Each structure stands twice: as structure tokens, then as C-alpha cells.
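Reviewing the structure listed below.
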Amino acid sequence: MKLLSNRVFQIILFTDLIQQCAIWIRNIALLFFVMELTDNNAIYVSLLTVIEYTPIFLFSFVGGALADRWNPKKTMILGDFASALSICIIILFVNNGNWQVIFLATLVSSVVSQISQPSSSIIFKKHIPEDMVAPAIGIIQSLQALFLIIGPIIGTLIYSWFGITASLVSITIAFFISSITLLFLPTPHKEHSHSSSRFIKELKDGVRYVKNSRNLSIIAIAFVFIGLGAGIVQPLDIFIVIDRLGLDKESIQWLYMLAGIGMFVGSIMAAILGNKFKVKRVIVGGLCFLSFSLIIEVLSVWFVLTATMNFITGLILAMWQTMLGMLIIKMIDEKYIGRTNGILTPLFIGGMLVGSAVAGPLVTYTSLIVTYFTAAIIIIVGAMVSIKLNLTNLSVNQPNESKELPYETKISNEFN
């Protein structure tokens with residue numbers, strides 16, 4: 001496969017592998033450590049999730065603008081190095097009995113990722129041929145799906161065998177290896193302005209860039225509805241297992257595993273067949289199926305049916321994410337990738353945070369079925385919004401709209 005011989009893709013794939021190991025070791029080790037020290041205190045446990053997602057909502061826009069502004073290679077290297085250094089400092093505090101500082105591990109990693117991730121997309125845009133974007137994203141997605149299956153196992157084994165200190169040390173080593181590997185990326189030749197007034201202007205230009213593209217504006221609106229619907233059901237999976245299926249809470253791991261396997265299979269299919277799919281059909285159809293699956297999931301009282309829906313949903317969702325990621329990378333001008341991601345991501349995460357906040361009261365004052373039906377309807381609205389996408393013969397850097405874009409850049413609304 002020609003893609004696998006691409007040096008940039010090889011480096012990104014390897015560093016993603018290392019980072020996924022570090023992330024899952026961190027997630028499991030910190031979760032188990034906090035549960036042990038707080039006697040399963042739900043407030044401390046939920047705080048880990050809040051700390052992970054809130055920085056994404058708050059900093060992704062600024063992080064995206066900084067990614068456009070800074071050297072993407074140096075940004076990724078310094079991001080991994082900063083993560084490793086922060087873990088080293090945390091190890092010292094933990095060994096001195098100040099365990100509460102471990103929350104900084106999640107916070108620093110989450111904040112740094114808001115700059116590092118769009119920088120990775122910029123590298124993709126510059127060095128991955130357009131006809132290989134779909135397979136490249138599909139392979140990355142399949143790697144993430146694979147770690148959804150094996151990541152908890154790796155994290156559990158390392159923490160159970162070696163404890164919190166060894167887990168943190170392994171995370172540090174992983175991030176150091178990743179930062180060293182990124183040194184082998186090609187160095188871009190790009191000058192960046194560093195004045196604060198220029199930075200403010202770049203932020204405003206990023207907003208105008210999205211507003212002036214009909215397709216990006218539609219995706220932004222759809223993201224709000226999708227995030228809201230997903231946020232409502234995300235905290236309630238455990239109640240499906242307990243209330244609808246009548247099983248112990250531990251049984252939820254099997255549903256997560258099947259969803260992960262489905263995502264792995266879907267990512268492979270998207271990597272192999274992505275360029276043959278109709279992008280709009282996958283995006284709209286995937287959302288419609290997700291809405292349908294929520295209804296089946298909450299009505300089902302049979303584990304086999306619920307498990308089957310989790311597998312199929314994971315498969316469809318992986319294909320949906322791959323095709324949408326391919327579309328966004330293709331339609332965005334290289335110098336706006338970071339800022340565009342910085343606008344779209346907080347819209348989705350903000351919707352999730354709002355959805356998660358209302359999920360508890362909604363299920364308390366109505367029922368689990370009503371709550372899931374509400375989420376399904378909201379996601380259907382997102383699908384209806386996505387129908388308005390105009391993806392006919394899309395080609396990047398072709399004029400498509402009458403409004404002037406910053407730096408004389410325009411997006412076409414045509415896509416093959």
C-alpha cells in the first residue's frame with residue numbers, strides 16, 4: 001500500500017500508537033487510583049471527566065489559532081515534551097503524598113492536545129496526497145478503535161502489577177518517545193507573525209472563514225445538535241444495562257468492547273473503501289442510523305439485541321467519523337485548519353456538556369425511554385441539517401461563494 005510507504009504517515013501513525021498507550025494507561029491508572037483513595041467517591045471520579053472535556057471546550061479555539069500560527073512540527077514536539085515533563089513533576093508530588101495533584105495530569109494533557117491535534121491535521125494536509133486522505137484517516141480511526149478494546153486491558157494490567165508510580169513513569173517514557181520520533185518529520189518553511197494584534201485578527205478571520213462557507217456553517221450547526229444528543233445519552237449507558245437488561249453494572253464492559261470492535265471493523269472498511277463511498281450519504285445516513293439505534297437500544301430488553309446494535313453503531317460511527325474527517329481536511333485551506341477545528345470542536349463538546357448536564361434531571365422527571373427518544377430526535381435534527389450540504393465536485397481553493405474570505409482564500413462547495 002503506497003500510503004504505508006509515506007514517511008510522514010509512518011511517523012504520525014507510530015506516535016499515535018505511543019500516545020494511545022499513554023492515554024489509556026493514564027485514564028485507567030488515575031481512575032483506579034482516585035477510586036481507591038476516595039472509597040469510590042463519585043464526585044472525584046466524575047471530576048476526571050470534567051477536567052478532560054472542559055479544556056477542550058474552553059481552549060480548542062485559541063489552540064487551533066495557535067496551531068495555524070506556529071510551526072506544526074515544533075508544536076507537536078513541544079506538546080508531547082510538555083506532557084512528559086508535567087507527569088515527571090506529578091510523580092514527585094504523588095510520592096510525597098500530595099495525590100490530588102494527579103488531576104493536573106489530565107488537565108495538562110487535555111489543554112496541550114488542543115494545540116497538538118490541529119497541528120497534526122496541518123501536517124496531514126501538507127504531506128498526505130489527497131487521494132490517500134480517506135485511507136489515512138481510516139487507519140488512524142482503526143488504531144483508536146483498537147485501543148478502545150485493548151487500552152483498558154493494558155492500563156489495568158500495568159496499574160495492577162506495578163502501581164501508580166510505575167504507571168506514571170511509563171506515561172512519561174511514552175510521551176518522550178513520541179516527541180523524539182516527531183523530530184523526524186519534515187520541517188516546514190513558514191514565517192509566523194507574533195504580534196498580539198495580528199493574533200486577534202487571525203481569530204476573527206477564522207470565525208469569518210467558517211461563516212463565509214455554507215458547508216462549514218452547516219457542519220457547525222449540525223455539530224451542536226449531534227453533541228447535544230450524544231451528551232444526553234453518554235452518562236446513561238449504565239442505566240440501560242441495569243434497568244433495561246437487568247444485569248450487573250460490570251456487564252457494560254461487554255457493550256463497550258463490542259462497540260470498539262465495530263469501530264475497528266468500520267475504520268478498516270473506511271480505509272479500504274472510503275474513496276468509493278458517497279460522502280453525503282454516509283454523513284446523513286450515519287446520523288439517521290445513530291438516532292434509530294438509540295430508540296432500539298432503550299426499548300430492548302434482550303442483551304443480544306442491545307449488543308448487536310452497539311456493534312453496528314460502532315461500525316457506522318467509525319465510517320461516519322472517517323468520511324467527515326476526510327471531507328473537512330479536503331475542504332479547508334491549510335492555513336485555516338487549526339482555527340476551523342478550534343471552532344467546530346467546542347461546538348460539539350459544548351453540546352455534549354449541556355446534554356450531559358440535562359441528562360440527569362431529564363431522566364429523573366420523565367423516564368429513560370423519554371430521555372433516549374429526546375436524544376434520538378435531536379440527532380435526527382442534526383441529520384436534517386446535514387442534508388443541506390452541497391458536496392458536488394468539491395475541490396479545495398476554488399471560488400465557491402460570493403463573500404470575500406480573509407487572505408483572499410475561498411472554499412468551493414463542490415466535492416467528487
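Bear in mind these aren't lab numbers, they're just calculated from the coordinates by the rules spelled out. These figures come from a predicted structure and were not determined experimentally. Cβ placement follows ideal geometry from the backbone for every residue including glycine, while neighbour counts extend to all protein chains displayed.
Brief remarks on what is shown
- Ala357/Leu17 FRET efficiency (R0 51 Å; Cβ-Cβ; nearest 0.05): 0.90
- Residue by residue, region 78-90 carries 3J(HN,Hα) couplings of 5, x, 5, 5, 5, 4, 5, 5, 5, 5, 4, 5, 5 Hz when phi is fed to the Karplus relation 6.51 cos²θ - 1.76 cosθ + 1.60 (θ = phi - 60°); x denotes Gly or Pro.
- Taking the Cα atoms of region 235-391, the ratio Rg/Rh between the radius of gyration and the Kirkwood radius comes to 0.99.
- FRET efficiency, Ser5 to Asn95 (Cβ-Cβ, R0 45 Å, nearest 0.05): 0.50
- Using the Karplus relation 6.51 cos²θ - 1.76 cosθ + 1.60 with θ = phi - 60°, the per-residue 3J(HN,Hα) values for region 171-187 come to 5, 4, 4, 4, 5, 5, 4, 4, 5, 5, 4, 5, 4, 7, 5, x, 8 Hz, with x marking Gly and Pro.
- For region 257-263, backbone phi angles converted through the Karplus equation (6.51, -1.76, 1.60; θ = phi - 60°) give residue-by-residue couplings of 5, 5, 4, x, 5, x, 5 Hz, Gly and Pro being listed as x.
- For the pair Leu299 and Arg214 in one chain, pulling the backbone fully straight at 0.36 nm per residue adds 26.9 nm over the alpha carbon distance.
- Between Ile150 and Lys204, residue separation times 0.36 nm minus the direct Cα-Cα distance comes to 15.3 nm.
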